[in-house]
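For reference, the structure discussed in these notes is given below.
No lab work stands behind these numbers, since they all come straight from the coordinates. This structure is a prediction, so every number in the text was calculated from the model and none was measured. Cβ coordinates were reconstructed from backbone atoms using ideal geometry, including for glycine residues, and neighbour counts include every protein chain displayed.
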Amino acid sequence: GINAEYGTLVVNAAKDSTDLVAKLRAFHNASQTIEAKRAFKWIGLDLENGKCRDNKEAGVLEPAMSKIKSLKFATEAAITILRIDDMIKIYQPSKERPQLIR
């Protein structure tokens, strides 16, 4: 899940993952439950300094284009898989060698 991904990033940066990920989760929870703290949704990790920061203020934004391309690619892959109309069956008329029939 997302917590594991953040935890891996924090550990790779040689920081305390338990503390930082817990703080990040607390900020995100507050942004979803307390109206006055809606801006906390922009809080992210500053792994150089080992703390949470406002990523919007720091100019760190996720580009929508990469997400859109990923979704399009995944959709195309799923459609391709669903369109496969050749089904291979194993037919065994007797106890002899199995034969593949298309």
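Taking θ = phi - 60°, what integer Hz values does the Karplus form 6.51 cos²θ - 1.76 cosθ + 1.60 yield along segment 44-58, in sequence order, with x for Gly and Pro?
x, 9, 9, 7, 5, 9, x, 8, 8, 8, 7, 5, 5, 5, 7
At R0 = 30 Å, how high is the FRET efficiency between A22 and K67 if r is their beta carbon distance? Nearest 0.05 is fine.
Details: r = 26 Å, r/R0 = 0.88.
With R0 = 30 Å, the Cβ-Cβ based efficiency is 0.70.
Once the piece of chain linking A58 and A77 is laid out straight, how much longer is it, given 0.36 nm per residue of separation minus the C-alpha distance between them?
Here the segment from A58 to A77 would lengthen by 3.3 nm.
How long is the gain from K37 to V11 if the chain were fully straight, where each residue apart is worth 0.36 nm and the alpha carbon distance is subtracted?
6.6 nm
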